[in-house]
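A.B. asks: Structure provided below as structure tokens; questions to follow.
The values are calculated or read from the model by the stated rules, or taken from the named source; none is laboratory data. The model shown is predicted, which means the values in this text are computed figures rather than measured ones. Don't worry about glycine lacking a Cβ; one is built from the backbone with ideal geometry, like all the others, and counts go over all protein chains shown. Heads up: the accessible areas ignore ligands, DNA and RNA and are worked out on the full protein's heavy atoms, side chains in. Shrake-Rupley method; radii C 1.70, N 1.55, O 1.52, S 1.80 Å.
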Amino acid sequence: MHEMGIVLHLAKTLDQTAEENKLTAIGRVVLQVGEVSGIMTELFTDAWDYFKVRHPVLKDSTLVLETIPAVTWCDHCKQTYETVKYGKTCPYCGSGETWLLRGNECVIKEIEAE
Amino acid sequence: MRIIQLNATVTDSNLRDAEALREQMKQNGTLLINLMSSPGSGKTTLLSRIIRDLKDLKLGVMEADIASDVDARRIEALGARAIQVHTSGMCHMDAGMTAAAWEAMEARALDLIFLENVGNLICPAEYDTGAALNLMLLSVPEGDDKPLKYPLMFQTSDALVITKTDSLDYFNFDLDKCVERAKKLNPGIEIFPVSAKTGEGMAGLESWLTQRLAAWRVRP
Ligand SMILES: Nc1nc2c(ncn2[C@@H]2O[C@H](COP(=O)(O)OP(=O)(O)O)[C@@H](O)[C@H]2O)c(=O)[nH]1
Ligand SMILES: [Mg+2]
Ligand SMILES: [Zn+2]
């Protein structure tokens, strides 16, 4: 469900980019996806394949997904740690007063186009 | 083939739509308020109370729901203008959908429009709907640790409405702690503890909304 919304916006952003840069075809699309963004890559590529045929400049495009590791900040002992490994609880001091620094994003890094 | 560096978040096209809608609503003098919370936090009940209290203002409600129209019927029964938006499976409203709802309402004379977003504390925070104000609801039974779990929602909200305060005696909800956590994430956030059941705290929230409407209508 979430994937569908993101794919819709991605297709729209790329359509606009194509128009602004007078592109006729887009090839590789490199997307950086945060480890804890909640995006399921399989669902995402399926949704993409469904949508791309509806956008002429995107019909031959391929998605390349890169992962951004998730990092959490502990506000109690002022250190960072790997989110996926330790979750909400700081492995250094046991505090739960922690929050995500990165790993939640979804960024279009670059596209290949003509 | 050439490479174009974009480094744009996927939601950039939505941001542009949102800015356009906000400007259009400002020209029209209508304040759009986006309500976000978990399902069952009391959005529809709070709106029902506000509709009864703010009789001098013309109010409208956009009810976003994955499939049903129960909430829109509850609101219309109170005499406010309501429209049901089906998100067809999508877990949030985006600016394009909100703009379409605003068109469909054909209600240019309204003062305030509330958008009851899909019940979910994650996705709605990531999509600007074009609303002038973002209100987040957190009900007492959900617990005071929510700011730690959903920081983005607290960061993107202009106000936090802590609902169902009449149930404070029955839950381990530390109001001061919750306020402290919310302020840490978002120092400028306004906080209104209310009970839509007893009416406690409602006047403060309602006068803030009225002030924000007046401010919205002052041209910069
Ligand atoms: N005790 C109490 N219950 C409330 C209050 N506001 C809402 N509720 C109850 O919470 C449930 C969900 O409310 P609703 O407004 O439908 O939540 P929504 O899903 O966020 O729109 C209903 O059973 C309401 O009666 C309140 O201020 N106090
Ligand atoms: Mg509701
Ligand atoms: Zn720590």
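A.B. asks: Which condition number in (1) in contact with a Ser or Thr (Cβ under 7 Å, 6 or more places away or on another chain); (2) touching a residue at least 40 places away in the same chain (Cβ under 8 Å); (3) surrounded by fewer than 19 Cβ atoms within 10 Å (Cβ to Cβ) is the one that residue B:141 fails?
C.D. replies: Here residue B:141 clears every test but (2).
A.B. asks: Name the one entry in B:30, B:44 that is closer than 22 Å to residue B:138 by Cα, of a type in the set (Ser, Thr, Tyr) and touching a residue at least 40 places away in the same chain (Cβ under 8 Å).
C.D. replies: Exactly one residue qualifies, and that residue is B:44.
A.B. asks: Which of (1) modelled with pLDDT under 85; (2) more than 14 Å from ligand 1 (Cβ to nearest atom); (3) within 12 Å of chain A (Cβ to nearest Cβ) does residue B:86 not meet, given it meets every other one?
C.D. replies: Unmet for residue B:86, out of (1) modelled with pLDDT under 85; (2) more than 14 Å from ligand 1 (Cβ to nearest atom); (3) within 12 Å of chain A (Cβ to nearest Cβ): (3).
Every residue, every condition in (1) over 18 Å from residue B:152 (Cβ atoms); (2) in contact (Cβ under 8 Å) with a residue 24 or more places away in the chain; (3) away from ligand 1 (no atom under 16 Å from the Cβ); (4) out of contact with any helix residue (DSSP H, G or I) (no Cβ under 9 Å at 6 or more places or on another chain), yes or no:
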position: A:71; (1), (2), (3), (4): no, yes, yes, no
position: A:86; (1), (2), (3), (4): yes, no, yes, yes
position: A:97; (1), (2), (3), (4): no, no, yes, no
position: A:107; (1), (2), (3), (4): no, yes, yes, yes
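A.B. asks: Residues of the stretch A:88-114 being over 27 Å from residue A:11 (Cβ atoms), of a type in the set (S, T, N, Q) and either open to solvent by 20 Å² or more (accessible area, probe 1.4 Å) or within 12 Å of the chain's Cα centre (by Cα) (or both), which ones?
C.D. replies: Listed by number, the list holds a single entry, A:89.
A.B. asks: Would you confirm whether or not the stretch B:15-31 contains a residue that is open to solvent by less than 60 Å² (accessible area, probe 1.4 Å) and either at pLDDT below 85 or within 16 Å of ligand 2 (Cβ to nearest atom) (or both)?
C.D. replies: Within the stretch B:15-31 (the criterion being open to solvent by less than 60 Å² (accessible area, probe 1.4 Å) and either at pLDDT below 85 or within 16 Å of ligand 2 (Cβ to nearest atom) (or both)), the answer is no, since none of the residues qualifies.
A.B. asks: Taking the stated definitions as given, is residue B:132 modelled with pLDDT under 95, surrounded by fewer than 24 Cβ atoms within 10 Å (Cβ to Cβ) and not basic (Lys, Arg)?
C.D. replies: no
A.B. asks: For the stretch B:108-124, give me each residue that is open to solvent by 10 Å² or more (accessible area, probe 1.4 Å) and modelled with pLDDT under 80.
C.D. replies: B:108, B:122, B:123
A.B. asks: A further question on this structure: Residue under question is residue B:49, and the condition is that it be of a type in the set (D, E, K, R), over 15 Å from residue B:163 (Cβ atoms) and open to solvent by 20 Å² or more (accessible area, probe 1.4 Å); does it hold? Show your work before the answer.
C.D. replies: Working: of a type in the set (D, E, K, R): yes; over 15 Å from residue B:163 (Cβ atoms): no; open to solvent by 20 Å² or more (accessible area, probe 1.4 Å): yes.
So residue B:49 does not fit the description; no.
A.B. asks: Moving on. Could you run through the stretch B:45-72 and say how many residues are outside any loop (DSSP other than H, G, I, E, B) and either within 11 Å of ligand 2 (Cβ to nearest atom) or touching a strand residue (DSSP E or B) at 6+ places or on another chain (Cβ under 6 Å) (or both)?
C.D. replies: 15
A.B. asks: Might you check whether a residue that is at pLDDT below 85 and within 14 Å of chain A (Cβ to nearest Cβ) occurs anywhere in the stretch B:58-66?
C.D. replies: yes
A.B. asks: For residues in the stretch B:151-194 being buried (at least 18 other Cβ atoms within 10 Å of the Cβ) and charged (D, E, K, R), which is nearest to the chain's Cα centre (by Cα)?
C.D. replies: The residue in question is B:158.
A.B. asks: Quick one: is residue B:110 more than 16 Å from ligand 3 (Cβ to nearest atom) and not in a loop (DSSP other than H, G, I, E, B)?
C.D. replies: So residue B:110 does not fit the description; no.
A.B. asks: Looking at the stretch B:137-186, which of its residues are of a type outside the set (Asp, Glu), more than 14 Å from every other protein chain (Cβ to nearest Cβ) and out of contact with any strand residue (DSSP E or B) (no Cβ under 9 Å at 6 or more places or on another chain)? Break it down into steps so the answer makes sense when it comes.
C.D. replies: Initial filter on the stretch B:137-186 (of a type outside the set (Asp, Glu)): B:137-141, B:143, B:146-157, B:159-165, B:167-168, B:170-173, B:175, B:177-179, B:181-186.
From what is left, the residues that are more than 14 Å from every other protein chain (Cβ to nearest Cβ) are B:137-141, B:157, B:159-165, B:167-168, B:170-173, B:175, B:179.
If the condition is that a residue be of a type outside the set (Asp, Glu), more than 14 Å from every other protein chain (Cβ to nearest Cβ) and out of contact with any strand residue (DSSP E or B) (no Cβ under 9 Å at 6 or more places or on another chain), then B:141, B:170, B:171, B:172 are the ones that fit.
Results for (1) in contact (Cβ under 8 Å) with a residue 40 or more places away in the chain; (2) of a type in the set (A, V, I, L, M); (3) in contact with an Asp or Glu (Cβ under 6 Å, 6 or more places away or on another chain), shown as yes or no for each residue.
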position	(1), (2), (3)
B:66	yes, yes, no
B:82	no, yes, yes
B:91	no, no, no
B:97	no, yes, no
B:100	no, yes, no
B:104	no, yes, no
B:108	yes, no, no
B:122	no, yes, no
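A.B. asks: Being of a type outside the set (Phe, Trp, Tyr) and in a strand (DSSP E or B) is the filter; apply it to the stretch B:146-199 and report the residue that is farthest from ligand 1 (Cβ to nearest atom).
C.D. replies: It comes out as B:190.
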